[in-house]
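The values are calculated or read from the model by the stated rules, or taken from the named source; none is laboratory data. What you are looking at is a predicted structure, and each value in this text was computed from that prediction instead of being measured. Methodologically, a virtual Cβ is constructed for each residue, glycine included, from the backbone with ideal geometry; neighbour enumeration extends over all protein chains shown. The protein model used for the area step is the full one, side chains on, heavy atoms only, and it has no ligands, DNA or RNA in it. Shrake-Rupley method; radii C 1.70, N 1.55, O 1.52, S 1.80 Å.
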Amino acid sequence: MEEIKQLLTNVCKQLFDLDIMPELTRPDVKFGDYTTNIALVLSAKLNKTPRDVAVMISDKIDSTLISKVDIAGPGFLNISLTDDALVKTMISAAAKPLLGQVAVVEYSDPNPFKVLHAGHLYTSVVGDAIANLLETAGATVHRVNFGGDVGRHVAQTMWAIIDKLGGENPEKLSAIAENERAPWMAECYISGTAAFETNEDAKQLILELNKKIYAIHANKDHDSALSQIYWTCRTWSYDYFDAFYERIGSHFEKYYPESEVADLGLTTVKEQLSKGVFEQSDGAVVFAGEKHGLHTRVFINSQGLPTYETKDVGLIMTKWNDYHFDKSVVITGNEIEQYMSVVLKAIEQFAPELVKVTSHLTHGMVKLKGGIKMSSRLGNILRAVDVLDAAAEANQLATGKNDVDIELGAVKYAFLKQRTGGDIIFDPESSIKLEGNSGPYLQYAHARARSILSKKTLTEKQPITNLEGFERDLTRKVGEYQSIVSQAVTELMPHYICTYLYELAQVFNRFYEQNKVIDDPRENIRLQLVEAYANTLRSGLDLLSISAPEQM
RNA sequence: GUACCCGUAGCUCAGCUGGAUAGAGCGUCGGCUUGCGGAGCCGAAGGUCGUAGGUUCGAAUCCUAUCGGGUACACCA
């Protein structure tokens, strides 16, 4: 592809003495392998008709890679590659544009003392894919997680916990069975939140508790009854998170609790307050975003406590200190998009180099098609396990079996196939289906191709030449993989991979429908194509953190 | 009120750094099976790309206005 671009650049230089960067796109198969619109772009500048320009360029093109150049439509140049060039593209190694770079990807971000909801599942799935993409582009990737182990939500849960324990009685926690811990805390969060909103006395107690919990961290208190309850329950939360990540196959290198970054945030904000980045307002410390077309946000509240904004400042600084990254990606729900703009704008005032390499990627909400029986006991939210259970249930219903790899593949693919940004309407039933654009369809497609390969082992490989129609289509499609991956990397958009893999499987199925592989005179070449296809499929599924079974 | 996101086939979505007849899947209707996994393949019907202007040789894509939906806007996270 780069060779073709270079060729076009050279031709235009010779013909018109113009330096151009030609655009090369992959058109519909019937038009050829590549298309460029340079003739249309140049025609105005040269004061010639697009077709005349196209003819001039076309006549001048001479390359062993190209078998044919057609002029079509208003003046497109449709380029067809030789079989050799096509095969070369198919087996070309992946580009590593980020080689040597350090990337930090932060995602999932669940809060201790709260339940994991569907959004956590979504961001985990997207984050894994983004991290994989950066990794495949050559970067050293650090997957990190962040969560609020201090703050009002914690105080709310703690208030309810203490209430249920009949006071600060940590020894009573042992009465709660291991598998009941997470749901029990989730309930406490619900009742604590309700109390905060409706009960003035409780509200005051919770605000007091909030300060006390900060003090536990400040004093490294592990002795007081309150701190024992706190540390035990925080550990329960982490255990619950770990179990969940294990279940979905996510792995984090580091978990940043808010309590560990809040101090750095606080000192940074205070330091910048004196330099005029932040200002005092009604007893709080704020960043006046209006100057930058944004809105004002509070960084330190009038009680002197850091808000989420300041913790985010601390987090970014901490990540920088830990990794000195070349690229930092933060993935969150889209409801905090404008919030994050303010935080980043504030940081930009004193550390522009960090903000410059930071991307904030947002996603929408997950909604279950047809709704779900909401439990008010659990706060009427769609929990992460509800989504996984829905997929498992659909699989059980459809196949009578439970296969975790298939169920996870179904959920992950359903989440990833859509462009990241908007809401997702998750339909468990169609996600689990092996027909249509689903994860299991691709898993099945892979297993099927492996099954062909398992029947015959190639001892020597013949050169792939004289490609026939469907062989050629498959070769061409497999060859697109690398450019699709680099597009996904550049835009941090995993859905390009999904779209491509699905198209790839369709192209293969067409080939397979028409061509016998085993015991055909072209068996050797076709087996090589099947293998290249299967490897590409597996490689793509790997990027999505979806398993590619050998059989199913 | 201000800012951001979204509006494409009955449903769920691609396509958006402007380019050829706007594409998939599901659903609907019709065909293909003596061949390696038919969980597939081929075909048909189905679209004023929210609406109205503008820029352009060319607009789903860019600009403006407008309607509809969502979200965020001071001490929650």
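Tell me the relative contact order for region A:353-499 as a rounded percent, counting alpha carbon contacts under 8 Å between residues six or more apart.
Details: 137 pairs, mean separation 35.0, N = 147.
About 24 percent, as a whole number.
For A:K275, the aspartates and glutamates whose Cα falls under 19 Å of its own Cα, not counting residues fewer than eight places away in the same chain, are A:D263, A:E290, A:E309, A:E348, A:E353. Of the peptides A:58-70, A:425-437, the ranking by mean beta-carbon count within 10 Å, highest at the top, reads A:425-437, A:58-70. Both the radius of gyration and Dmax for region A:396-467 are 16.9, 50 Å, in that order, over alpha-carbon atoms. Projecting the Cα atoms of A:W320, A:A155, A:P112 onto the charge dipole of chain A (Cβ charges, centred on the Cα centre) puts A:W320 farthest toward the positive pole. Between helix A:523-543 and chain A there is an angle of about 20 degrees, using the helix long axis and the longest principal axis of the Cα atoms. Heavy atoms of the protein chains alone define the surface here; on that basis chain A has 45 Å² accessible area per residue at 1.4 Å probe size.
Here's how it looks for A:V141: its modeled amide H is under 5 Å from those of A:A103, which are all 5 or more places away or on a different chain.
Compared with the dominant Cα axis of chain A, that is its longest principal axis, helix A:225-248 is turned about 20°.
Remark: relative contact order (region A:267-397) = 18 percent; criterion is Cα-Cα distance under 8 angstrom and separation of 6 or more residues. Each of A:N199, A:T399, A:A346 was scored by the projection of its Cα onto the charge dipole of chain A, and the greatest displacement toward the positive side belongs to A:T399; charges sit on the C-beta of Lys, Arg, Asp and Glu. By the rule of a C-alpha distance below 29 Å, with chain neighbours fewer than 8 residues away ignored, the lysines paired with A:K45 are A:K5, A:K13, A:K60, A:K68.
To the nearest ten degrees, helix A:481-491 and the longest principal axis of the Cα atoms of chain A are 40 degrees apart.
Is there a pair in A:K30/A:K433; A:K172/A:K311; A:K291/A:K345; A:K319/A:K345; A:K114/A:K345; A:K270/A:K319 whose C-alpha atoms are over 21 Å apart, and which pairs would that be? Over 21 Å Cα-Cα: A:K30/A:K433; A:K172/A:K311; A:K114/A:K345. The charge dipole of region A:238-340, taken about the Cα centre with unit charges on the Cβ atoms of Lys, Arg (+1) and Asp, Glu (-1), comes to about 280 debye, rounded to the nearest 20. Its residue count N fixes a reference of 2.2 N^0.38 Å for region A:200-295, and the Cα radius of gyration divided by that reference is 1.47. Our summary gives chain A a relative contact order of 14 percent, counting only alpha carbon pairs under 8 angstrom and 6 or more residues apart.
Using the 2.2 N^0.38 Å rule of thumb for compact globular proteins, work out how region A:1-81 stacks up: its C-alpha Rg over that value, please. Before the final figure, lay out each step's value.
On the way: Rg = 11.4 Å, N = 81, 2.2 N^0.38 = 11.7 Å.
Cα Rg divided by the expected 2.2 N^0.38 Å: 0.97.
I need the Kirkwood Rh of chain A: take the reciprocal of the average 1/r across all distinct C-alpha pairs and report it in angstrom. Hydrodynamic radius (Kirkwood, Cα only) of chain A equals 26.9 Å. For chain A, the carbon plus sulfur part of the accessible surface works out to 49%, probe radius 1.4 Å. In this structure the amide hydrogen of A:N37, modeled in the peptide plane, comes within under 5 Å of the amide hydrogens of A:E23, none closer than 5 places in sequence on its chain.
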